[in-house]
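The values are calculated or read from the model by the stated rules, or taken from the named source; none is laboratory data. Computed from a prediction, not measured in an experiment: that's the story for all the values here. Methodologically, a virtual Cβ is constructed for each residue, glycine included, from the backbone with ideal geometry; neighbour enumeration extends over all protein chains shown. Each accessible area value is taken on the protein alone, full model and side chains, heavy atoms only, with ligands, DNA and RNA left out. Shrake-Rupley method; radii C 1.70, N 1.55, O 1.52, S 1.80 Å.
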Amino acid sequence: MLQITRIDPFDTAEFDAWWDAYAAARRADLGENAVVWSREESRAELQQDSDTTRRQAYAAVQEGEVVGSASLALFLKDNTHLAALGVNVPPQHRRAGVGTALLRHVEAEARDAGRTTMRVDIFWPAALPADGAGAANLAFARHHGYEVALGDLQNRLDLPVADAVIDELLAEAPADGYDLRSWVGPMPEQFVAEWAALDAILDTEAPTGDLDLEAASGDVDDYRADERLQERQRRTSYGTIALDADGRIAAYTQIVVSGDDGNGYQWGTLVRREDRGHRLGLRVKLENLRMLQQHSPQTPRIYTFNAASNTHMLAVNERLGFQVTARMAELQKRVG
């Protein structure tokens with residue numbers, strides 16, 4: 001008999017079995033291009049006592065074996081109408097009702113918490129069509145009432161990028177009138193308030209399609225709490241900003257390197273509306289990439305995700321040498 005149980009992230013055996021199912025499912029779908037949070041990164045996140053997000057994890061257990069995993073994130077300060085769901089079933093346990101049971105369970109948990117919009121992200125190989133034809137996970141989601149609100153591309157940049165290539169591109173983005181600053185590790189205190197405010201609007205300033213989404217609050221204490229989580233996860237942040245003539249942040253970018261898989265992950269890149277048109281996005285990304293290669297020459301690659309409609313940022317990434325490795329769809333279902 002199939003049972004759905006909430007796992008205790010402080011119970012090593014429970015958590016490890018849950019994570020094994022999650023990782024096996026993701027890797028089966030995308031192979032070497034599967035972006036999988038490491039065991040310890042995932043454990044630290046679930047164990048975090050966060051003021052902004054309540055995270056819960058669930059296992060589908062049959063005859064003592066974990067045959068599927070699910071996750072639920074409930075936002076506590078902003079977007080309190082949303083619930084972010086994840087369902088992962090290893091291939092040998094699919095088409096047996098496991099995914100449906102997990103999805104129904106976490107949806108019920110979200111409804112009980114007063115959430116009216118469910119969010120799910122799914123991936124399929126880049127070789128499949130852009131509309132997801134032939135992707136079983138997309139068909140599964142649509143069968144349960146989810147629709148694509150935004151289509152994204154997963155891109156990979158193999159490192160190192162030659163200094164000559166970076167210098168050539170830098171010459172095209174001189175950033176006249178702006179002061180560039182870069183650092184490794186936590187955000188310098190003098191910039192943290194502005195950075196947090198810009199980072200909070202990233203999800204709404206970037207293309208959002210039909211996503212039912214509002215900007216976050218940009219609280220400095222919450223940002224510092226996330227930095228402490230990154231430290232526990234053995235992640236290292238590389239950040240670059242462009243300051244205008246008044247010393248305000250006009251653009252920023254961030255790459256976070258995993259201490260477990262060694263890969264770099266492009267997080268936010270944003271240029272203020274009033275400072276667009278000066279190629280600042282390209283400039284800060286180039287400066288950050290050069291710093292990363294200087295401080296972490298062993299990093300083998302960088303992954304990034306962009307809306308398929310964000311042609312400007314995709315063009316910047318293409319100039320840097322990123323290649324499409326998978327497609328991602330952000331789906332949602334309104335239940336109230």
Just grab the label-to-label distance for residue 1 and residue 212, each label 7 Å out from Cα along the Cβ direction, in nm (one decimal).
-> 3.5 nm
According to a simple spin-label model (label point 7 Å from Cα along Cα-to-Cβ), what is the distance in nm between residue 76 and residue 11?
-> 2.3 nm
Gain upon complete extension [residue 295, residue 263; 0.36 nm per residue less C-alpha separation] | 10.2 nm
FRET efficiency estimate (nearest 0.05) - Cβ-Cβ, residue 335 to residue 164, R0 41 angstrom = 0.15
Filter the GluC sites (Glu not before Pro) in segment 127-187 to those in DSSP coil with at most 11 other Cβ atoms within 10 Å of their Cβ, and list the result.
-> 172
Would you tell me the accessible area of residue 208, worked out with a 1.4 angstrom probe on the heavy atoms of the protein chains, in Å² to the nearest 10?
-> 40 Å²
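Could you give the accessible area per residue of the chain, probe 1.4 Å, as a whole number in Å²?
Spelled out: the 1.4 Å probe surface of the chain, per residue, equals 46 Å².
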Answer with one residue from 286, 133, 331: the one whose Cα lies farthest towards the positive end of the charge dipole of the chain, charges on Cβ with Lys, Arg +1 and Asp, Glu -1.
-> 133
What's the carbon and sulfur percent of segment 29-184's accessible surface, probe 1.4 angstrom, rounded to a whole number?
-> 47 percent
